[in-house]
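Colleague: Before I ask anything, here is the structure I am working with.
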Amino acid sequence: MQQAGSGGLTATEHRLDNGLRLVLSEDHLNPVVAVCLWYEVGSRYEVQGRTGLAHLFEHLMFQGSAQVKGNGHFELVQSAGGSLNGTTSFERTNYFETMPAHQLELALWLEADRMGSLLAALDEESLQNQRDVVKNERRQRYDNVPYGTAFERMTELAYPEGHPYHHLPIGSMADLDAVTLDDARAFFRANYAPGNAVLAVVGDINPEQARGWVEKYFGSIPSHDGKVLPRDGTLPDIIGAELRAEIREEVPARALMAAYRLPRDGTRECDAAELALTILGEGMASRLYNRLVRRDRTAVTAGVGLVRLAGAPSLGWLDVKASAGVQIRQIEAAVDEELARLRAEAPGAREMERAQALAEREWLDRLGTVVGRADELCRYAVLFGDPHLAFTAVNRILDVTAEEVRAVAAARLRPDNRAVLVYEPVTSKDPADLAGDQGGAASEDSKRDGVRR
């Protein structure tokens, strides 16, 4: 057992005999409790021909287990006054409930039942049902919305063919169709084991009672040593040349988008890169917004984001939507000027103060709710081996200097380290343009979990 604290927040860590890691954090401010369970499996663990399996399995985890039939997990939590969900990213899959404090035992029993006995309920009917749900999700969020596949295309360019981060967790339609019941069962056996999970319980709890319930419900679940390690995600820091694709689709406006390889999560350089992106494009006080939207009026929106990754270079991205009649080359020239300025000159004290204040506020927002804190404790336990970093990681960002921000911009935010998408609108009345896009836009086929906007 280990214990640490920061700012009045504390956590204790325990390990069950079967390998399950348990993190407990008391908070008696409100009579609520959060249960968060992270499994160290995401889309980077998938193999070619079976993309989307990790996300599909997230859906299957809500389809019943030995003692909970059909949608019973949802029904029991919601009838008890709680809420629940699950998400999948490149590096993990998580499940979480927020409950009235007196319903903690119910949430723990439900999570333990599906960890220990999901295979008892997994059949062809539930597989086909959730396969159809995920395929419809892909249509609604990616394929049939303007710019819907942009992030997927940028990811495919920034991470080469065969790389474990080349595809997004949503997967491809063909691969989803190819998943068999045997695939799903093997995936569960390999990845949904106690030793591959971290359970965080945060809120109005009695720690000894909570630990006793965890031992009672999870302790008898057998361990499993069949985990397949993810493929190596190492890549050169720099792509080496600008990768560029033009997309001709029915979209509302021209758009310039770009993705940059950035330092891995957990490093000081990644924190500096976050501040660089914030200065460039987060909010209406950012450089790109002031330049493109307010001053030049060449764009209607301008923003950036960061996907922090621990197993591969992180991904920074840029998204600019052009004003009517403005050519992309005009916007791109202005963007390049702003990038060059940041590479050459360290940001001023006011810009640094704003960027660091935004980072600190986001950190406080995450730790300010029981479910946010539980998620952060799981994140640092799974990805970095120490849940207590959740309480102190912000100090690294607050310690970054302006020169470090300039240095990471100079090293990474450069033309030979980006994948660029240019969107040119066409209309459905122009079939030649639409047909011409089918084979030529990008090296195609990537939940933006972990995306910081």
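The values are calculated or read from the model by the stated rules, or taken from the named source; none is laboratory data. None of the values given here were measured: they were computed from a predicted structure. Glycine also receives a Cβ, built like all others from the backbone with ideal geometry; neighbour counts cover every protein chain displayed. Ligands, DNA and RNA are excluded from the accessible area calculation, which covers all protein heavy atoms including side chains. Shrake-Rupley method; radii C 1.70, N 1.55, O 1.52, S 1.80 Å.
Colleague: Looking at segment 175-190, is at least one residue among the hydroxyl-bearing types (Ser, Thr, Tyr) and farther than 30 Å from Val32 by Cβ?
Modeller: Yes, segment 175-190 has at least one match.
Colleague: Further question on the same structure: Looking for whichever is open to solvent by 30 Å² or more (accessible area, probe 1.4 Å) and closer than 30 Å to Asn30 by Cβ here; the options are Arg341, Arg308, Arg294, Arg350. Which one fits?
Modeller: Arg308
Colleague: Let me ask you something else. Collect the residues in segment 244-263 that are in contact with a helix residue (DSSP H, G or I) (Cβ under 6 Å, 6 or more places away or on another chain) and either part of a loop (DSSP other than H, G, I, E, B) or open to solvent by 60 Å² or more (accessible area, probe 1.4 Å) (or both), keeping them in residue-number order.
Modeller: Arg248, Arg254, Pro263
Colleague: Return the pair list, or none, for Cβ contacts closer than 9 Å from residues in segment 235-248 that are under 11 Å from Arg261 (Cα atoms) to residues that are assigned to a strand (DSSP E or B) and open to solvent by 50 Å² or more (accessible area, probe 1.4 Å), at least 6 apart or on different chains.
Modeller: Close Cβ pairs satisfying both conditions: none exist.
Colleague: Considering only segment 142-236, give the helices (runs of 4 or more DSSP H) lying wholly within it that have at least 2 residues that are more than 19 Å from the chain's Cα centre (by Cα) and surrounded by 16 or more Cβ atoms within 10 Å (Cβ to Cβ).
Modeller: Counting at least 2 such residues, we get 173-178, 181-191, 207-218.
Colleague: Can you go through Ser89, Ser25 and tell me which one is more than 15 Å from Gly203 (Cα to Cα), under 26 Å from the mean Cα position of the chain (by Cα) and either modelled with pLDDT under 95 or crowded, with 18+ Cβ neighbours inside 10 Å (or both)?
Modeller: Ser89
Colleague: Can you name every residue in segment 273-298 that is of a type in the set (Ser, Thr, Tyr) and more than 28 Å from the chain's Cα centre (by Cα)?
Modeller: If the condition is that a residue be of a type in the set (Ser, Thr, Tyr) and more than 28 Å from the chain's Cα centre (by Cα), then Thr298 is the only one that fits.
Colleague: I'd like the residue in segment 360-419 that is charged (D, E, K, R) and under 29 Å from Glu332 (Cα atoms) and, out of all such residues, is most open to solvent (accessible area, probe 1.4 Å). Talk me through it step by step, then tell me what you get.
Modeller: Quick first cut of segment 360-419, residues charged (D, E, K, R) only: 360-362, 365-366, 373, 375-376, 379, 386, 396, 399, 403-404, 406, 412, 414, 416, 418.
In the following step, the residues that additionally are under 29 Å from Glu332 (Cα atoms) were identified as 403-404, 406, 412, 414, 416, 418.
Details: Glu403: 92, Glu404: 57, Arg406: 54, Arg412: 29, Arg414: 74, Asp416: 46, Arg418: 13 Å².
Restricting to residues being charged (D, E, K, R) and under 29 Å from Glu332 (Cα atoms), the top hit is Glu403.
Colleague: Select the helices (runs of 4 or more DSSP H) contained entirely in segment 338-453, then report the ones holding at least 1 residues which are at pLDDT 95 or above. If you could, list the steps in order and put the result at the bottom.
Modeller: Values: elements: 349-367, 370-384, 393-399, 402-412, 431-437.
Of the helices (runs of 4 or more DSSP H) lying wholly inside segment 338-453, those with at least 1 residues that are at pLDDT 95 or above span 349-367, 370-384, 393-399, 402-412.
Colleague: Quick one: which of Pro230, Pro164, Pro194 is in contact with a Phe, Trp or Tyr (Cβ under 8 Å, 6 or more places away or on another chain) and at pLDDT below 95?
Modeller: Pro230
Colleague: Please pick out the residue among Ala158, Ala178 that is of a type in the set (A, V, I, L, M, F, W, C) and either closer than 18 Å to Ile239 by Cβ or modelled with pLDDT under 95 (or both).
Modeller: Unique residue meeting the criteria: Ala158.
Colleague: A further question on this structure: Looking at Ala4 and the list (1) within 28 Å of Trp109 (Cα to Cα); (2) modelled with pLDDT of 95 or more, which single condition is not satisfied?
Modeller: (2)
Colleague: Take Asp132 and tell me if it is more than 30 Å from Val304 (Cα to Cα), among the acidic types (Asp, Glu) and exposed (fewer than 15 other Cβ atoms within 10 Å of the Cβ).
Modeller: So Asp132 passes the test.
Colleague: For Ala355, all conditions in the list (1) surrounded by fewer than 21 Cβ atoms within 10 Å (Cβ to Cβ); (2) closer than 19 Å to Ala285 by Cβ hold save one; what is the number of the exception?
Modeller: (1)
Colleague: Would you check if there is a residue in segment 67-85 being β-branched (Val, Ile, Thr) and either open to solvent by less than 10 Å² (accessible area, probe 1.4 Å) or more than 22 Å from Ile205 (Cβ to Cβ) (or both)?
Modeller: Yes: one or more hits.
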